[in-house]
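Have a look at the structure below, then the notes.
The values are calculated or read from the model by the stated rules, or taken from the named source; none is laboratory data. Here the structure is a predicted model, which is why all the values come from computation and not from measurement. FYI the Cβ positions are ideal-geometry reconstructions off the backbone, even for glycines, and counts take in every protein chain you see.
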């Protein structure tokens, strides 16, 4: 597998994101081929969609003020998280543990990093549908059938630092079911399913970086995935009752 970081100019609200990516690929003499996967940082998708909120427009509720006091947050920021999160489970100073679209993520994906001063950036609107729209636009403009992956960063229980996580997929199956296979000793695999999309998100996250690299896209080639016209994002999720962490902590 090969990963090529794609440097772009700063993406602004209402920009033509696909046009910017194609222009950057051409400038760096990278060609899109059938079967490639285009990995995009969630923030550039959000910026193009104008998924920004200015904190000076927010009037925090009493619940937001309580969360802010308990977890050392700006109450306006806490209010935005409240509006974006499906569930809030608790937190630590400066971060809330939330559920957003079936993903455990800090602050429901709301982030001040890589957002204009005084603003926060939210997750893309309907990330899977956004990925599909980008995939279709690449097919229209470049004539290539590819996969598209939108990624964000998150923390892992009891591990320091961030890794990549897939929040939007299109064009390929995100999971490989290993349960019908055998291990090195001929024993049948019982529960393992390989999270292909999350593994690729982690690899791309390593290339993208987290701060001022101006590398919001990665072109991945020779990726061990199967293209499909109708990717099923539900395959990424597992019920809380079946999740090792959630069921143990409940």
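If you check 137, 125 for being assigned to a loop (DSSP other than H, G, I, E, B), touching a helix residue (DSSP H, G or I) at 6+ places or on another chain (Cβ under 9 Å) and within 19 Å of residue 39 (Cα to Cα), only one passes: 125. Here the stretch 149-172 is the region considered, the condition is being buried (at least 18 other Cβ atoms within 10 Å of the Cβ) and over 11 Å from the mean Cα position of the chain (by Cα), and the residue that is nearest to residue 191 (Cα to Cα) is 172. Among all residues of the stretch 48-62, there is at least one that is buried (at least 18 other Cβ atoms within 10 Å of the Cβ), over 30 Å from residue 157 (Cβ atoms) and touching a residue at least 40 places away in the same chain (Cβ under 8 Å). Taken over the stretch 34-66, the criterion of being outside any helix (DSSP H, G or I), touching a strand residue (DSSP E or B) at 6+ places or on another chain (Cβ under 7 Å) and within 26 Å of residue 173 (Cα to Cα) is satisfied by 35, 36, 37, 38, 39, 40, 41. In the stretch 137-175, which residues are over 18 Å from residue 102 (Cα atoms) and without any contact (Cβ under 8 Å) to a residue 24 or more places away in the chain? Within the stretch 137-175, 139, 140, 143, 158, 159, 160, 161 qualify.
A quick yes/no check of all residues on (1) part of a loop (DSSP other than H, G, I, E, B); (2) under 19 Å from residue 147 (Cβ atoms); (3) assigned by TED's automatic domain parsing to the domain that holds residue 27; (4) free of Cβ contacts under 8 Å to residues at least 12 places away in the same chain:
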{"site": "205", "(1), (2), (3), (4)": "no, yes, yes, no"}
{"site": "210", "(1), (2), (3), (4)": "yes, no, yes, no"}
{"site": "223", "(1), (2), (3), (4)": "yes, yes, yes, no"}
{"site": "230", "(1), (2), (3), (4)": "yes, yes, yes, yes"}
{"site": "235", "(1), (2), (3), (4)": "no, yes, yes, no"}
{"site": "241", "(1), (2), (3), (4)": "no, no, yes, yes"}
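None of 70, 100, 65 is outside the structural domain of residue 226 (by TED's automatic domain parsing), buried (at least 20 other Cβ atoms within 10 Å of the Cβ) and modelled with pLDDT of 95 or more except 100. Could you tell me whether the stretch 204-217 includes any residue that is in contact with a helix residue (DSSP H, G or I) (Cβ under 9 Å, 6 or more places away or on another chain) and either exposed (fewer than 11 other Cβ atoms within 10 Å of the Cβ) or over 30 Å from residue 6 (Cα atoms) (or both)? No: zero hits. For residue 79, the conditions (1) in a loop (DSSP other than H, G, I, E, B); (2) more than 19 Å from residue 127 (Cβ to Cβ) all hold with the exception of (1).
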